[in-house]
Amino acid sequence: MAIALALSERTNLAEQTRERWRPPALAAAPTKASRWGATLRRFFDLQAGTCWNDVAELVAGSKGKVVDVGCGGQPYRVLFPKGVEYVGIDIADAATNFGYDTSGTVYFDGGEWPQQAANADLVLCTEVLEHVASPAKFLEQAHRSLRPGGSLVGTVPFAARWHFIPFDYWRFTPSGLKQLLEEAGFENVQVWARGNALTVACYKSMALFLPLLMPQGKSSISTWLTRLLGAPLVPAFVLLALVAAASLKMDGGDDCLGYSVLAQRAC
C-alpha cells in the first residue's frame with residue numbers, strides 16, 4: 001500500500017532506539033547534601049515528586065518483608081521503617097537499558113522472579129509496569145510472591161513522555177489497571193490520580209524548558225551557550241512549579257500525571 005507523501009516524510013518512530021533528552025537517574029540519597037538535592041528535584045520533577053509523596057503515605061507503617069521490584073537506584077528504601085526486611089530486585093539489563101547498577105540489588109534475567117522475592121508482605125512497583133513487555137505475567141508473579149493478605153503498592157505514568165526508548169511500552173488507565181490486577185488474583189484494588197489537568201499543563205510546559213536548562217550530549221561551549229539562552233526562562237520555570245504544587249491540593253480528574261495503586265492478595 002502506498003504511503004501518503006506527508007507521512008513518508010515524517011520519522012518512523014517504530015525504528016527509534018533512544019530519546020533526545022533523558023532526566024538524570026533517580027538514586028538513593030545517603031548524605032545530607034544529596035537529600036537536599038533529592039528534595040529539590042522532587043519539587044521540580046513533578047512525576048518523581050508525586051510518586052514519592054504517594055508511596056511515602058502508602059508504605060508508612062510497613063512491617064515484615066518488602067520486595068522493591070524494578071528498584072533502580074533504590075530511592076524509596078529510606079521510606080521504610082527500621083526492622084523492615086528490604087529486598088531490591090531488578091533485571092540484569094538495568095544498567096544497559098536504564099542506567100542503574102546498584103549495590104545490594106538482586107539482578108535476574110527478567111523472567112521468573114528470584115527466590116529472594118518470595119514470601120513478601122509488600123511488593124513495591126514504582127514506574128516499572130510501563131517498561132514490562134508482559135504486564136499480566138508480571139502481576140501474576142507479584143501476586144505469587146506475596147504472602148496471603150500482603151499488599152502491592154505501585155505507580156504508573158499517564159501524561160508522561162515516551163522515555164527510556166525503546167523500553168517504554170504502555171500507558172494504563174484506572175479501568176485497565178483494575179482489570180489487570182483482578183485477573184492476576186488481586187482484590188480491593190484502589191487507584192488514585194496524581195495531579196490533575198492543571199498539574200499536567202504545568203508539567204508539559206516545564207518539559208519544554210528542560211533541554212535548555214539542562215542540555216545533554218553537547219560540547220562544553222554549546223552546553224553553556226544553551227544554558228545562557230535558557231536562563232531567562234528560570235523565573236517562569238519556578239512559577240510553573242509553584243502553580244503545579246498548589247494544584248496538587250485539588251483532586252485528580254480525567255487527566256493526570258499518573259496513577260498510584262494499592263491492591264491486596266486475599267488472606
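Bear in mind that the values in this text are calculations on the coordinates, not laboratory data. Because the structure is predicted, anything quoted here is derived from the model rather than measured. Note: ideal-geometry Cβ built from the backbone for every residue, glycine included; neighbour counts use all protein chains shown.
In terms of the ratio Rg/(2.2 N^0.38 Å) built on C-alpha atoms, what value belongs to segment 1-103?
Working: Rg = 18.9 Å, N = 103, 2.2 N^0.38 = 12.8 Å.
After normalising by residue count via 2.2 N^0.38 Å, the value is 1.48.
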Practice problem: Report, in debye and to the nearest 20, how large the dipole of the chain comes out about its Cα centre when Lys and Arg carry +1 and Asp and Glu carry -1 on their Cβ. | Solution: 880
Self-check item: Within the chain, percent of DSSP bridges classed antiparallel, to nearest 5
Solution: 40
Quiz item: For the residues Phe186, Phe98, what sequence is obtained by ranking on other C-beta atoms within 10 Å, fewest first?
Solution: Phe98, Phe186
Quiz item: Convex hull over the alpha-carbon atoms of segment 198-244: what's its volume per residue in Å³?
Solution: 53
Quiz item: Whole number please: convex hull volume per residue of the Cα set in the chain, in Å³?
Solution: 170
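Which shape class, rounded, prolate or oblate, goes with segment 157-242 when its Cα gyration tensor gives a ≥ b ≥ c as root eigenvalues, a/c under 1.5 marks rounded, and past that a/b bigger than b/c marks prolate? Before the final figure, lay out the partial values.
Numbers: a/c = 4.98, a/b = 2.10, b/c = 2.37.
Since a/c reaches 1.5 but b/c is at least a/b, the shape of segment 157-242 is classed as oblate.
Test of understanding: what is the full-extension gain from Lys32 to Thr17, defined as 0.36 nm times their sequence separation minus their Cα-Cα distance? Present the calculation step by step, with values, prior to reporting the outcome.
Values: separation 15, 0.36 × 15 = 5.40 nm, distance 3.68 nm.
The span from Lys32 to Thr17 would gain 1.7 nm if fully extended.
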Quiz item: For Gln47, what is the net charge nearby, where nearby means another residue's Cβ is under 12 Å from its Cβ and Lys, Arg count +1, Asp, Glu -1?
Solution: +1
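Holding the Cα-Cα limit at 28 Å, pick out from Lys32/Lys137; Lys63/Lys137; Lys65/Lys204; Lys82/Lys178; Lys82/Lys249 the pairs that are longer than that. Present the calculation step by step, with values, prior to reporting the outcome.
On the way: Lys32/Lys137 40 Å; Lys63/Lys137 26 Å; Lys65/Lys204 37 Å; Lys82/Lys178 32 Å; Lys82/Lys249 30 Å.
With Cα atoms farther than 28 Å apart: Lys32/Lys137; Lys65/Lys204; Lys82/Lys178; Lys82/Lys249.
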